[in-house]
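The values are calculated or read from the model by the stated rules, or taken from the named source; none is laboratory data. Here the structure is a predicted model, which is why all the values come from computation and not from measurement. Every residue, glycine among them, receives a Cβ derived from its backbone with ideal geometry; neighbour counts consider all protein chains shown.
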Amino acid sequence: MSETLSAVGAGAAVQARACIGGLVYSLRLAIAGNPNCGKTTVFNALTGAHQHVGNYSGVTVEKKEGYIRYEGQEVILVDLPGAYSLSAYSQEEIVARDVLLDGTVQAVINVVDAGILERGLLLTVQLREMGLPVVIACNMMDEAEAAGICIDFSRLEAMLGVRAVPTVGTTGKGLREALAAARELVRQKERSDGPEAPQPAARALYLGYGSLLDPVLEGMEKRIGQSRALAASAYAHCAPRWLALTLLQDDAAATATVRAADPDAAADLIRMARQAQEELQRSGEDAESLIADGHSLFVRQTAAACVRKTGHRHRLGLSDRLDRILTHAVWGVPIMLAVLYAMFQITIGLGAYPQGWLEEAFSQLGGAVSAALPEGLLASLLVDGIIAGVGGVFSFVPLVLIMFALVAIVEDSGYMARMAYISDRLFQSFGLHGASVMPYIISGGIAGGCAIPGVMATRTLRSPKEKLATMLTLPYMACGAKLPVYLLLVGAFFPNKAADMMFAVILASWLFAFGMAWLLRKTVLRGEATPLVMEMPPYRLPTLRGICTHCWERTWMYLKKAGTILAPIAVLIWAGMTFPALDPQHALPYENEIARLAVNLENSALDPGLRQQDAARLTKVQEDLDAARLRYSFAGRLGAGLEGITAYAGFNWRTDVALIGGIAAKEAIISTLGTAYALGEQNPEQAVSLSELLRKDPSWNQGTALALLVFVMLYAPCFVTLVVIRQESGSWKWVGFSLVVNTLLAFVMAVGVYQACQLVQP
């Protein structure tokens, strides 16, 4: 057994308190586990909606924290990135290890899949070697028991020196017991750190690695214990033997931290590690392999001693039988396409009604505000700028919500992993890695994702060229920002075939992405494709809570973006379309004609036929005046300047301005169009939806809508995505590629689509 580096330092850390929202959180626990072990389900079941999602400082790995009250105590739960080990081979493993080392986490709930216990215990062993207080949550016990698997929890606890609790994340069974066990471990540790019981704060798991390594480890442990500087470093809360093991494996992060903390100790430790490595090489061995073998042997022995099968059933039996059909070489692709098509049918069919209600509600709100306020800039700002701009985006929330729910079902059921498997052969033919399917899906391959985490997800690709090819083409996917634009256009111009059109748009985005990826891999990113290796999780029934949690997280991000980013953009666009005001000299002829026609209409003796003509004339003159005002504005001048070129794609100046705003955020396309058409609307008290306004505009037709669909699909990604591409690629030239090449490609394709439609339309 081995003590931690500094019991005093650890004891001080556990006394630290986090203050959030005025409440003091006295307990901070981490939830760790492999991917697909149900870790996030456990986290969601414990925290519910009380979550905060962001990114860890300096990296693009998602950070999730939840806040709960347990028996009068406020608790912070940290959902660590899924990892198979703490070896720091991936960004996720590095982040998980750094969180565990910073001293703020007082205990770990280690979630393992009870049906495949041996696989999850590797991480458990490393956590225990680190010296952390650990509670094992043997999750999915219902599935394990159904497969005839029994676990001897008493023996498991004795062999690992932990508390083990059977849990079912989907129902919440055992989760409170695991939480209580973790809290008790923290209390025991605090008592052991106190002045009345000055025992070591924690006991680490002590494994032997044979006669070649154990003497070296003992010497390194002794040297680590002599360093006061290391006792105050980031490794103050871990066992010296674990740090020695880490240094023996040439861990770059550990080596750098030790050098910064104590250069003299670092020099001694590195020298000892290198001497050991040289001695091992002469024996035909290496430290990393011996350590891995030691872990594997212990895990196998533990699993053999603690797990027994009472029947002949296998937990994956049902999954295997389903996969014979769903991942079939012939039938797998048609089934996958049918699933996608059904998703769009459900989204369009169910979402049309609440979308209409929201459009009507915002129209009524605009009319009420217009009637309540005197005509002027304030009324125009509120009605034409904010309500028309942001309201147009909010009206698509029901459609987005339904799509997110369906994506959550596909993801939680395990079928999304099958989609990656099915797509692998197709991806390979275009020079991409099969694992690229996940960044594409995250970016909106099914619809409703986001290109930003999609670009971040490309870091899992080992080949730099495959990573770049994926990164540069995944912005073509139907992200959540593009989705409202697509739904607006297909709903307005293809109302009877909306689902079919959405399905076609998604397929087209994949085809364009594959085509560009193939071109890149044959030219500037030439190289061999690497094979796909992935874990296939078993099929599971999604839980209502899990679906609701996923929907809330993604929809809230959409709403937050609409309320925080799009509102200021809508105001700026309104200002650009309002100022400068039309020169009075130019406005005077319109105003005189409007005044004359108004006087005529007030004449009760006017012939009904003439009255009708004057009313129509009045409407036309008012429209001409509004058009003149808009074209005179800053935005109008910019749009009009581009219109000479973009007219070949069927775009008017309003569309041009909307597409420029879309570079900031794709949702701004709708808000800009809403503002542009609201400013030209003659009866704000009888406002109609943006879809109706587009249909009534003579410059719009199905060809225009198709051209705009293609352009939005392909042109430059949003500003934040460009920034992330720079971070992940490390070069501005790929940012330039995404901005310039994609926009040129989008325009050429849009022109081709529009001109082709003009030829075939009567």
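One table, with the values for the structure above:
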item	result
Total residues in the stretch 659-679, condition touching a Lys or Arg at 6+ places or on another chain (Cβ under 8 Å) and free of Cβ contacts under 8 Å to residues at least 40 places away in the same chain	0
Any hit, the stretch 619-637, residues being under 16 Å from residue 391 (Cα atoms), modelled with pLDDT under 85 and either surrounded by 18 or more Cβ atoms within 10 Å (Cβ to Cβ) or in contact with a Ser or Thr (Cβ under 6 Å, 6 or more places away or on another chain) (or both)	no
Residue list for the stretch 219-250, filter: acidic (Asp, Glu) and closer than 23 Å to residue 284 by Cβ	250
Matching entry among 356, 294 (being assigned by TED's automatic domain parsing to the domain that holds residue 495 and either over 30 Å from residue 232 (Cβ atoms) or crowded, with 17+ Cβ neighbours inside 10 Å (or both))	356
Of residues in the stretch 690-717 being outside any helix (DSSP H, G or I) and buried (at least 23 other Cβ atoms within 10 Å of the Cβ), the one modelled with the highest pLDDT	715
Total residues in the stretch 715-759, condition within 22 Å of residue 511 (Cα to Cα), within 21 Å of the chain's Cα centre (by Cα) and small (Gly, Ala, Ser)	2
Test: residue 402 is under 19 Å from the mean Cα position of the chain (by Cα) and surrounded by fewer than 20 Cβ atoms within 10 Å (Cβ to Cβ)	no
Any pair with Cβ under 6 angstrom, 6 or more apart, that starts in the stretch 486-504 at a residue that is of a type outside the set (A, V, I, L, M) and ends at one that is at pLDDT below 90 and crowded, with 19+ Cβ neighbours inside 10 Å	491/498; 491/691; 503/344
Test: residue in the stretch 307-328 that is at pLDDT 90 or above and surrounded by 15 or more Cβ atoms within 10 Å (Cβ to Cβ)	yes
Entirely in the stretch 85-152, the helices (runs of 4 or more DSSP H) that have 3 or more residues that are modelled with pLDDT of 90 or more	117-130
Qualifying position, being without any contact (Cβ under 8 Å) to a residue 12 or more places away in the chain and exposed (fewer than 15 other Cβ atoms within 10 Å of the Cβ), among 541, 572, 610	610
Residue match in the stretch 733-741 (condition: of a type in the set (A, V, I, L, M), surrounded by fewer than 13 Cβ atoms within 10 Å (Cβ to Cβ) and modelled with pLDDT of 90 or more)	yes
Pairs, first closer than 20 Å to residue 206 by Cα and among the aromatic types (Phe, Trp, Tyr) in the stretch 232-256, second modelled with pLDDT under 80 and buried (at least 19 other Cβ atoms within 10 Å of the Cβ), C-beta under 9 Å, six or more apart	235/5; 242/2; 242/235
Yes/no for residue 476 being assigned by TED's automatic domain parsing to the domain that holds residue 663, under 18 Å from residue 350 (Cβ atoms) and aromatic (Phe, Trp, Tyr)	no
